[in-house]
Amino acid sequence: MKQFLSVADAGDINKLVKLALNYKSKPFADKALGAGKTMGMIFLNPSLRTRISTQVAARNLGMEVIVFNLDKEGWQLEFEDGVVMNGNKAEHVREAAAVMGQYFDILGIRTFPGLINKAEDYSEHFINQFVKHAGIPVVSLESATVHPLQSLADAVTIRELKTTKKPKVVLTWAPHVKALPQAVPNSFAQWMNAWDDVDFTITHPEGYELDEKFSKPAKIEHDQDKALEGADFVYVKNWSSYQKYGQILSTASGWMMTRKKLQHTNNAKVMHCLPVRRNVVIADEVLDGPESVVVQQAGNRVWAAQAVLSEILKQR
Ligand code: AN0
Ligand code: CP
């Protein structure tokens, strides 16, 4: 593996899932693999799970890790080429990325979309500028349109908990008070569509259609109750509109995940990438009940990251 920016870099999903589960049972099996190597993790946005689980994963492989909150501690970066830098931005990504490429062996980056300019966000301009100029493998810690480390952990969680050969997995939109990226649902859809082991449906109110580049060929069902029928896994997540880009079209509180809604599922396990707003996205009764696997899912972020980092280290 040369980089990890989306499912396209994952290779055989089942193989990667298996590797992650191997690390879960033997965290230090490859303690020597990363000896003498350093991972840099750059954050342009907040993070709890990604920040910590990826550090733990890198350390399990014997790597050193340096975390840099670029948005708060670095110079403000210019990402456009050919501009006269006489404004607020003191440093160009061309130098910043190239310099960090000298310090690290692997570079992780988190950068959220602006949710204003769809074309810019969906071109993945920011992370691609780092890829272009860093000259070392780049790992997405969630970019403008995808969150592949999350999706791999999601697949690991489904693999661990499934009781049938091909479980029914439903991604459902849920309300939220803020405009959130489409990265998590895009990425989850992309991984589930690429994975033969699941039967995948997406449900959301009209107007919340995801970019077909990610959602096709999943089944789309606008009736949430119908979509949930017989589900083995229910993945709850809010996102803002892709069509009316970045907008909140409705707060549709009727879409919040409750125990009542889960009645028609096949005893479904409830997933969410976290952070989750209680009683807005998912009701307390679900998050505190036996159907919720969100904490186990977040725990699996370590093993997903460790599988990815080990594949990159083996390549170098
Ligand atoms: C972010 C999102 O929805 O993309 C990060 C999730 C991992 N969530 C929030 O900003 C609440
Ligand atoms: N799920 C996830 O990526 O969480 P953080 O934003 O806290 O890293």
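Quick one: which residues, 5+ away or cross-chain, put their amide H under 5 Å from the amide H of Val67? H built at 1.01 Å from N.
Answer set, sorted by chain and number: Met41.
Can you return the aspartates and glutamates within cross-link range of Lys31? Criterion is Cα-Cα under 14 Å, with same-chain partners fewer than 8 residues away left out.
Within reach: Glu64, Glu311.
Evaluate the distance, in nm, between pseudo-label points positioned 7 Å from the Cα of Leu33 and of Leu274 along their respective Cα→Cβ axes.
Once both label points are built, they end up 2.4 nm from each other.
Less than 30 Å apart at the alpha-carbon level, and either on another chain or at least 8 residues along: which lysines does that give for Lys166?
In chain and number order, the partners are Lys15, Lys18, Lys24, Lys26, Lys213, Lys216, Lys219, Lys226, Lys237, Lys260, Lys261, Lys269.
What are the semi-axes of the equivalent ellipsoid of the stretch 178-275, taken as the square roots of 5 times the eigenvalues of the Cα gyration tensor, listed largest first and rounded to whole Å?
Working through the eigenvalues yields semi-axes of 20, 17, 12 Å.
As an exercise, identify the GluC sites (Glu not before Pro) in the stretch 206-310 lying in DSSP coil whose Cβ has no more than 13 other Cβ atoms within 10 Å.
Glu206
Could you work out the helix-only [θ] at 222 nm for the chain, with each DSSP H run of four or more residues adding -39,500 (n - 2.57) and the total divided by the number of residues, to the nearest 500 deg cm²/dmol?
Result for the chain, helices only: -10500 deg cm²/dmol.
Check each of the trypsin sites (Lys or Arg not before Pro) in the stretch 130-189 and keep only those in coil by DSSP with at most 10 other C-beta atoms within 10 angstrom; list them in order.
Taking the stretch 130-189 and a limit of 10 other Cβ atoms within 10 Å, the loop trypsin sites (Lys or Arg not before Pro) found are Lys165, Lys178.
Could you pull out every one of the aspartates and glutamates with an alpha carbon less than 16 Å from that of Lys178, ignoring same-chain neighbours closer than 8 positions?
Straight-distance partners of Lys178: none at all.
Mind telling me which of Met257, Met271, Met85 comes out most flexible in a GNM of the chain, alpha-carbon contacts under 10 Å?
So, out of Met257, Met271, Met85, the one fluctuating most is Met85.
May I ask for the Kirkwood hydrodynamic radius of the stretch 23-172, worked out over all distinct Cα pairs and given in angstroms to one decimal?
That comes to 17.2 Å for the stretch 23-172.
Once you keep just the Cα pairs under 8 angstrom separated by 6 or more residues, what percentage relative contact order results for the chain?
Worked out over the chain, it gives 21 percent.
Counting other Cβ atoms within 10 Å, keep those with at most 15, restrict to DSSP loop, and tell me which GluC sites (Glu not before Pro) in the stretch 21-104 are left.
Counting only loop positions with at most 15 other Cβ atoms within 10 Å, the GluC sites (Glu not before Pro) in the stretch 21-104 are Glu80.
Efficiency by 1/(1 + (r/R0)^6): what FRET value for Asp288 and Ala252, r their Cβ-Cβ distance, R0 = 25 Å, to the nearest 0.05?
Computed FRET efficiency for Asp288 and Ala252: 0.60.
How big is the C-alpha Rg of the stretch 194-247 next to the rule-of-thumb value 2.2 N^0.38 Å, as a ratio?
After normalising by residue count via 2.2 N^0.38 Å, the value is 1.17.
Which shape class applies to the stretch 1-72: rounded if a/c is under 1.5, otherwise prolate when a/b exceeds b/c and oblate if not, where a ≥ b ≥ c are the square roots of the Cα gyration tensor eigenvalues?
oblate
Can you give me the pair-distance distribution of the chain, C-alpha pairs, 20 Å bins, whole percents?
Calculated over all Cα pairs of the chain, the distribution is 33, 57, 10, 0 percent.
Report relative contact order for the stretch 150-298 in percent, whole number only (criteria: Cα-Cα under 8 Å, sequence separation at least 6).
28 percent
Can you give the extra length, in nm with one decimal, that the chain gains between Glu209 and Lys18 once fully stretched, where that is 0.36 nm per residue apart less the Cα-Cα distance?
65.6 nm
Take the alpha-carbon positions of the stretch 109-249, form their convex hull, and give its projected area averaged over all directions (one quarter of the hull surface) in nm².
8.8 nm²
Every number here is computed from the coordinates shown, using simple stated rules; none is lab data. Note that the coordinates shown come from a computational prediction; the quantities given were computed from them, not determined experimentally. Note: ideal-geometry Cβ built from the backbone for every residue, glycine included; neighbour counts use all protein chains shown.
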